[in-house]
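Let me begin by presenting the structure, written as structure tokens, before commenting on it.
The values are calculated or read from the model by the stated rules, or taken from the named source; none is laboratory data. Keep in mind the model is a prediction, meaning the values are calculated, not measured. Every residue, glycine among them, receives a Cβ derived from its backbone with ideal geometry; neighbour counts consider all protein chains shown.
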Amino acid sequence: MNTKADLLKELRIDRGAPPPPRRRRWLPYAIGAAVLALLAALLLPRLGAAPEVRTAVAAAIEPGGASASVLDASGYVVARRTATVSAKITGRVLEVMIEEGQRVEEGEVLATLDPLDADAQRALSASQLAAARSQLAGVRARLDQAVAEAARLETLVGRQLVSRSQYDQAVAQRDALRAEMATAQRNAEVAQDQLAISDIGVDNTVVRAPFAGIVTAKAAQPGEIVSPLSAGGGFTRTGIGTIVDMESLEVEVDVGEAYIGRVTPKMPVEATLNAYPDWKIPAEVIAIIPAADRGKATVRVRIAIKVRDPRIVPDMGARVSFLQPPSAAGEDAPQGVRVPANAVVEREGAQVAFVVEDGRAAQRAVETGADLAGDRQVLSGVAAGETVVLDPPPTLADGARVRVAAPAADAGPAP
């Protein structure tokens, strides 16, 4: 019995005893996750995806090669020879023979006006000339008769066969016909001149090109009234079209008064059109206009374009770089290397460039020289043939890994 009682006591649950400790299985996982997070925080900046950068190759500057840019300015392409062609007379347009973009030669017919009035005036002048010539022929016939009569009476009066008064009357008649003959001749000449003027009037109904060029605007249509003056208000055209001589294209820029001293006639210039930023056009200074703009404090400079190309059209925007003449640059000028201007940046007050070496960007302190028409002269810090980073991001550090996106084949302006 005692044994059963003892067994029953052993089966009784002790409510006051502490529960047995549980095994914490999640602790190793938590520790592992913390270690992985710490490793990721330390290694991801170095092992993460490298930034993609654009690059260019630094090129050596040969003696006498590129000229330094002493001044940059902007302006527009203009034509020195342009004309809005109009008729000399007021008339109705009969036919227009031009279209925009068409090339015309000097003297080519552009349009014709209704010649009805001009033809009628010419016919009247021709009739007046014919009448004057007929009158001249009649006076000439009577003059011939009077001359013969006066000569015959002169012989008879010498023989005293006729009176002296008859002879004097014949002489007076002859002289009067001679004066009438001169008047008739003058009237015939006036009629001839009037006919020539009428011919000019007929010719004025034909509008011709004053010089060879390209038609840039067509202003009139058949049936409209054109006039060299603004007759009739807005219902009358004042021109047939506009012609531009493409051989006379040049660039006009406004240079600040403070920098005009750097510009001289015949100075070499490199022009770049806004429409074609990668196209460098050789040019030179034609003249410096001897007048300043008081409002803008600028002086206008004319620049001749040495290349004729159909891509160059009037009113295009252009940027120009006034280059230092080769003679002034000299053979002993610092050589260095030539890199795109956007490869040099400022870090902590110093100018630096990043050179790509074995997939990493190495920061180099550089000494820069002159501007070279969009590029930069680097005197020290970068050697010829090294690859430099274009537009390095502010977060790019020395020794950071980079991925080259599109390495340039030469040291030109940044794409």
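For the reader, a short list of remarks on this structure follows.
- All of K296, K218 fail the test of being basic (K, R) and loosely packed, with under 13 Cβ neighbours inside 10 Å, apart from K296.
- The selection criterion, being outside the structural domain of D375 (by TED's automatic domain parsing), in contact with a Lys or Arg (Cβ under 8 Å, 6 or more places away or on another chain) and touching a residue at least 40 places away in the same chain (Cβ under 8 Å), holds for I225.
- Entry remark, the stretch 184-206: residues being touching a helix residue (DSSP H, G or I) at 6+ places or on another chain (Cβ under 8 Å) and either within 21 Å of G138 (Cα to Cα) or polar (S, T, N, Q) (or both) number 11 in total.
- Residues that are without any contact (Cβ under 8 Å) to a residue 24 or more places away in the chain and assigned to a loop (DSSP other than H, G, I, E, B) within the stretch 91-126 comprise just one, M97.
- If you go through the stretch 381-400 and keep only what is part of a strand (DSSP E or B) and more than 24 Å from S321 (Cβ to Cβ), you end up with T387, V389, A400.
- Unique match (being in the same structural domain as G101 (by TED's automatic domain parsing) and closer than 14 Å to S86 by Cβ) among T238, T216: T238
- Of all residues in the stretch 175-182, none satisfies being in contact with a Leu (Cβ under 7 Å, 6 or more places away or on another chain), surrounded by 14 or more Cβ atoms within 10 Å (Cβ to Cβ) and under 30 Å from I289 (Cα atoms).
- Hey, A362 modelled with pLDDT under 90, exposed (fewer than 12 other Cβ atoms within 10 Å of the Cβ) and over 29 Å from G256 (Cβ atoms) or not: no
- Residue check for E149: in contact (Cβ under 8 Å) with a residue 24 or more places away in the chain, crowded, with 16+ Cβ neighbours inside 10 Å and not hydrophobic (A, V, I, L, M, F, W, C): yes
- Within the stretch 299-311, no residue satisfies the criterion of being loosely packed, with under 12 Cβ neighbours inside 10 Å and either outside the structural domain of Y276 (by TED's automatic domain parsing) or not in a loop (DSSP other than H, G, I, E, B) (or both).
- Filtered by the rule that a residue be buried (at least 16 other Cβ atoms within 10 Å of the Cβ) and in a helix (DSSP H, G or I), the stretch 156-170 gives V157, Y167, A170.
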